[in-house]
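The values are calculated or read from the model by the stated rules, or taken from the named source; none is laboratory data. In this text, all values refer to a predicted model and were calculated from it rather than measured experimentally. Backbone-built Cβ (ideal geometry, glycine too); neighbour counts: all protein chains shown. The protein model used for the area step is the full one, side chains on, heavy atoms only, and it has no ligands, DNA or RNA in it. Shrake-Rupley method; radii C 1.70, N 1.55, O 1.52, S 1.80 Å.
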Amino acid sequence: MPKVGIIYNDIKPIAGRVAIELKDKLTAVGWDVAITSSIGGILGYSNPESPVCHTPIDGLTPPGFDPEMKFAIVLGGDGTVLAASRQVAPCGIPILAVNTGHMGFLTEIYLNQLPQAIEQAIAGEYEIEERAMLTVKVLRGESVLWEALCLNEMVLHREPLTSMCHFEIAVGRHAPVDIAADGVIVSTPTGSTAYSLSAGGPVVTPGVPALQLVPICPHSLASRALVFPDTEPVNIYPVNIPRLVMVVDGNGGCYIFPEDRVYLERSPYNVRFIRLQPPEFFRILREKLGWGLPHIAKPTSVELP
C-alpha cells in the first residue's frame, strides 16, 4: 500500500478542512495516509528565564513519516513550508506545497489547482528540485546547547530594542573579521529572497552552491553582503554584548551569551520540492516580487503578475 503524508497549518481553518477531505479521498483510493500539524516543526521559543529550548534535529519527524513515504502534501503558507521542511528533510520525503497563505513564495500550487496536482503526483509526473539547508548549532565549549535545520536564514541580533552589536565572524579557515551592526544574517540561496534581500543582500539562484553573510544596518561603508562557498562553515562570536537572540527561519531560537558561539554549516539534508512543471526561478521572481518587469509596463506585450 503506497504511503503519503499530509502536513497542515492548524491555525488556518481552510487548511485543516482540506487536510481532512484529502485524507478521506486518498484513503478511499488505497493510500496509507499519515496526517500531522506543522506545529511539530515549530522550534521552541526561549525567554530570559529559560534561554535555551533544545529541539534536536532528528526529534521533529512526525509519527508515521518515514523514508518509505512517496511524498508529503503541505497545506499552508511559507511559514508552514519552512516548518514542514524541518519535519521531513531528514527522511528525504518530497514535498508538494499548496498555498493557503499569502505570498506563497515556496509553494508550488494554489488550492484551486489541488485536484489536478494530486493526480499528477500519484502518477509520478513531476520533477524533484532539491534546496540546500543549514545546520545551525549553539555551542558552549564543545557542548551543543541547541541545534536546528534552517532553509531560509539564521538571524542574530539584540533585543528588545535594536542597537549596535559587535561580532567576530570566521568563515572557513579565513581570518576572522569584526562587524559592528544591528545584527547579522546568514542565508541559503533559498533565503536570499527573504530577510537578506530586505537587508540589501543579492538574490542567489537556488542551484548556486553558496551561502551569504549580510550585516543588518552596518556601522561601516565597507560592510557589505558576502557570498561564499557553502563548503565553508561559519563561526560567529558575540563581542561585548550581555545577551543576543538568535532566530531561525523567522521562528523560535535561543539566547546567545558571550561565552557561546554560533556554528553554521551546510546540512547533509536537502529539502526536496515536487515541481509539477520544470522549475523556473525567474518566473517566480517576476510573479512574486515584480523582478524584470519593464519600467514602463506594456499591457499588450507584458503579462503582469
Completion exercise
Those residues of region 83-101 that are out of contact with any strand residue (DSSP E or B) (no Cβ under 6 Å at 6 or more places or on another chain) and either at pLDDT 95 or above or over 19 Å from THR193 (Cα atoms) (or both) come to a total of 3
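Every residue, every condition in (1) surrounded by 17 or more Cβ atoms within 10 Å (Cβ to Cβ); (2) in contact with a Cys (Cβ under 6 Å, 6 or more places away or on another chain); (3) part of a strand (DSSP E or B), yes or no:
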position: ALA97; (1), (2), (3): yes, no, yes
position: GLN113; (1), (2), (3): no, no, no
position: GLU129; (1), (2), (3): yes, no, yes
position: LEU145; (1), (2), (3): yes, no, yes
position: LEU156; (1), (2), (3): yes, no, yes
position: GLU159; (1), (2), (3): no, no, no
position: GLU168; (1), (2), (3): no, no, yes
position: ALA175; (1), (2), (3): no, no, no
position: VAL184; (1), (2), (3): yes, no, yes
Fill in the blank from the handout: Sole miss for GLY104 among (1) touching a residue at least 24 places away in the same chain (Cβ under 8 Å); (2) surrounded by 19 or more Cβ atoms within 10 Å (Cβ to Cβ); (3) touching a strand residue (DSSP E or B) at 6+ places or on another chain (Cβ under 7 Å) is condition (3)
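If we keep just the residues of region 217-256 that are aliphatic (A, V, I, L, M) and open to solvent by 60 Å² or more (accessible area, probe 1.4 Å), which is nearest to VAL203 (Cα to Cα)? Show your work before the answer.
Of all residues in region 217-256, those aliphatic (A, V, I, L, M) come to 221-222, 225-227, 234, 236, 239, 241, 244-248, 256.
Checking which are open to solvent by 60 Å² or more (accessible area, probe 1.4 Å) leaves us with 221-222, 226-227.
Details: LEU221: 21, ALA222: 20, LEU226: 12, VAL227: 10 Å.
That would be VAL227.
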Practice task
Write out, first by first residue and then by second, each pair whose Cβ atoms fall under 9 Å of each other, whose residues are 6+ apart or on separate chains, and whose first residue, in region 19-41, is within 18 Å of ILE93 (Cβ to Cβ) while the second is assigned to a helix (DSSP H, G or I) and acidic (Asp, Glu).
Solution key: VAL33/ASP24
Practice task
Check off (1) farther than 17 Å from ASN152 by Cα; (2) modelled with pLDDT of 95 or more; (3) touching a helix residue (DSSP H, G or I) at 6+ places or on another chain (Cβ under 8 Å) for ALA117 and give me the number that stays unchecked.
Solution key: (3)
Problem - Qualifying positions in region 257-275 - under 21 Å from ILE95 (Cβ atoms) and open to solvent by less than 30 Å² (accessible area, probe 1.4 Å) - result: SER267, VAL271, PHE273, ILE274, ARG275
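Give me a count of the residues in region 9-39 that are of a type outside the set (A, V, I, L, M, F, W, C) and open to solvent by 50 Å² or more (accessible area, probe 1.4 Å). Explain how you work it out, then say what you get.
The initial filter retains those residues of region 9-39 that are of a type outside the set (A, V, I, L, M, F, W, C), namely 9-10, 12-13, 16-17, 21, 23-25, 27, 30, 32, 36-38.
Those left that are additionally open to solvent by 50 Å² or more (accessible area, probe 1.4 Å): 10, 12-13, 17, 21, 23-25, 27, 32.
The qualifying residues number 10.
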Practice task
Check GLY292, GLY253 and return the single one that is small (Gly, Ala, Ser) and without any contact (Cβ under 8 Å) to a residue 12 or more places away in the chain.
Solution key: GLY292
